[in-house]
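To keep things clear, I will list the structure first and then write my remarks on it.
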Amino acid sequence: MNSIGTLFRITLFGSSHGTCIGCVIDGIPPGTIIDEVAMAEDLALRKPITGIGTPRKEDDMVQILSGVVGGRSSGSPLTIVIRNKNTDSSAYEKFRDVPRPGHADFTALLKYGTDVDIRGGGQFSGRMTAPLVAAGTIAKEILKGIGIRTGAYSLAIGRISDEEERVLDDILQIRSLNPTRAADAMLGTCMEEEILTAAQEGDSVGGIIKCVCENLPIGIGEPFFDTLEGEISKMIFSIPGVKGIEFGSGFAAALMRGSVHNDTFALHGDKIVTLTNNAGGVLGGISNGMPLEMRVCIKPTASIGKIQHSVSMCDMKQVELQIGGRHDPCIVPRAVPVVEATVAITLVDLCMRGGFIDGKG
Ligand SMILES: Cc1cc2nc3c(=O)[nH]c(=O)nc-3n(C[C@H](O)[C@H](O)[C@H](O)COP(=O)(O)O)c2cc1C
């Protein structure tokens, strides 16, 4: 459905080429600073980038319709609206008959019927993630109150991969200057080339986003079913184009011995820490006080320029499809702030449920 969260709850509405997109956020502690400048900065990270992004202009001017008085949350539901402009939907009509391979046209039409809004990808468009980024700015502000910081960056795009351990301050600073949202300028240039090469061939590339969260108290996560990994994963899989998530050493754990994978406990002053972080900051679905670390796999963009095979559903015949319009040859850079925002939103909800954040402000 279109709402997520228990005590910090987001309801998403709108569609890519409808009047607007937006969200209602319930559970913001009264008095929380609603920083519209920070919101605009986060949204700027999600915009298409000249050269490596779609040439379409996404004007993400946020309007806050309720829940704020004098720049602070009033405690009542906060409504964010982003009006849609620049919407030529004509290129999408043919997907009602001939669905794009890899996109949601096929399943949306079969599940919801011909009344479904397919313009610009409708509710399945990456555009739906803009209000989530705006909500994420508020979530990060709430987390700041208990010292938690989050940051995401492009770990890999196509064949170019970042093998270095990165510090959160560097991630936040460098990725903003870098169109690919890499945490290293040189790697960013190589990633740009990787995207441009695919785009010139009428193709697309995917990649991996890494997200790191620091200063989590021990105890976030509500087993059995609402574990820290489980709640984050559910939220992450709502981002269009996500195909996987791993925490800590993730799938590589399958190749390790227990003696290597186990994170040894040690004393650091009066704190118990682990010497490695193969667990990615989670044990038994509960934060263990180490940094929460995850990697999110983003698929190559479905809408590509190359001629592809599909089926005309009216004629029940195999046909060739060439997709026009404006599409990102790589979603990864634009999904970086979305991953960061959705992780922050989930952490706020779990922190409220665990009593780490007082929802009453
Ligand atoms: C920020 C963002 C931008 C996106 N832009 C495009 C795009 O230009 N073209 C496209 O085909 N898919 C794009 N997507 C991905 C599709 O929305 C997604 O692949 C589609 O809805 C099918 O869902 P699935 O990939 O999760 O199965 C984008 C996703 C995000 C998060």
For the chain, the dipole about the Cα centre with charges only on Cβ (Lys and Arg +1, Asp and Glu -1), to the nearest 20 debye, works out at 660
List the DSSP H helices in the chain whose Cα atoms stretch 27 Å or more along the helix axis and whose mean Kyte-Doolittle hydropathy is at least -1.0.
332-353
How much length is gained on full extension from residue 72 to residue 317, taking 0.36 nm per residue of separation minus their Cα-Cα distance?
82.5 nm
Residue-ordered couplings for the stretch 314-331, obtained by feeding phi - 60° into the Karplus form 6.51 cos²θ - 1.76 cosθ + 1.60 and rounding to whole Hz (Gly and Pro as x), are 6, 8, 6, 10, 6, 9, 9, 10, 10, 8, x, x, 10, 9, 6, x, 8, 7
Cα→Cβ-extended label distance, 7 Å offset, between residue 26 and residue 201, nm
4.9
How large is ³J(HN,Hα) for each residue in the stretch 241-248, as worked out from phi by the Karplus curve 6.51 cos²θ - 1.76 cosθ + 1.60 (θ = phi - 60°), to whole Hz, x for Gly and Pro?
x, 7, 10, x, 8, 10, 10, x
Using 32 Å as the Cα-Cα cut-off, could you pick out the over-long pairs in 140/306; 299/360; 111/243; 85/144?
140/306; 299/360; 85/144
The stretch 202-361 - charge dipole about Cα centre, Lys and Arg +1 at Cβ, Asp and Glu -1, debye rounded to 20:
380
Expressed in nm to one decimal, what extension gain is obtained for the pair residue 270 and residue 283 from 0.36 nm per residue of sequence separation less their Cα-Cα distance?
2.7 nm
Full-extension gain in nm, residue 163 to residue 215, via 0.36 nm per residue minus C-alpha separation
16.4 nm
What FRET efficiency comes out for the pair residue 36/residue 257, r = Cβ-Cβ distance, R0 = 35 Å, nearest 0.05?
0.10
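Here, each number is a calculation from the coordinates, and none is a lab measurement. Everything quoted here is computed from the prediction, not taken from an experiment. Glycine gets a Cβ as well: all are built from the backbone with ideal geometry, and neighbour counts include every protein chain shown.
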